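Notes to accompany the following structure.
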């Protein structure tokens, strides 16, 4: 009986060694024959840039454009912020004076929609590296002079948000989209 147990254990031990040897050989073969594959995944990023022109006499802003500098389609918005500066020794310094009204902005209302707080939304997603015009062709934003001799400044700030999934723009910017994915209402 003892011989049978020893013989059975020897056969079992030999079988385990044989399986381990075959498995090890298979793994070694696969490692030497497997070609490395590079991961070509490029992470998405969203960014934008404002391009604008200030007239030489600094009395108007023209050619306000926003460029999608990211690598995916994005919705764009701009915010106009105005304040007054004085011009002491050619150094513009902000002054405490009530800002001028921005009610007469000649924006391209076919492609942009006005929101609250001087915020404007481009209605369609913008492709990477594409630029969109904010003002109507030939129009400008005239900068005013105050009764105290100060000058109005209008800063144009742009923001971008990814266009997919669409709930990223509807939840974050609280916008409504139509069935084509265009902005139909802004807060």
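Table for the structure above
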quantity	calculated
Wholly enclosed strands (runs of 3 or more DSSP E) of region 117-187 bearing at least 1 residues surrounded by 14 or more Cβ atoms within 10 Å (Cβ to Cβ) and modelled with pLDDT under 90	140-142, 151-162
Hits in region 48-83 - residues which are assigned to a loop (DSSP other than H, G, I, E, B) and either within 20 Å of residue 123 (Cβ to Cβ) or not assigned by TED's automatic domain parsing to the domain that holds residue 142 (or both)	69, 70, 72, 73
Candidates 85, 95, 66, filtered to the one that is at pLDDT 90 or above and either over 18 Å from residue 156 (Cα atoms) or surrounded by 13 or more Cβ atoms within 10 Å (Cβ to Cβ) (or both)	66
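The values are calculated or read from the model by the stated rules, or taken from the named source; none is laboratory data. Only a predicted model underlies this, so the values are computations on that prediction, with no experimental measurement involved. All Cβ positions, even for glycine, are placed from backbone atoms using ideal geometry, and neighbour counts span all protein chains on display.
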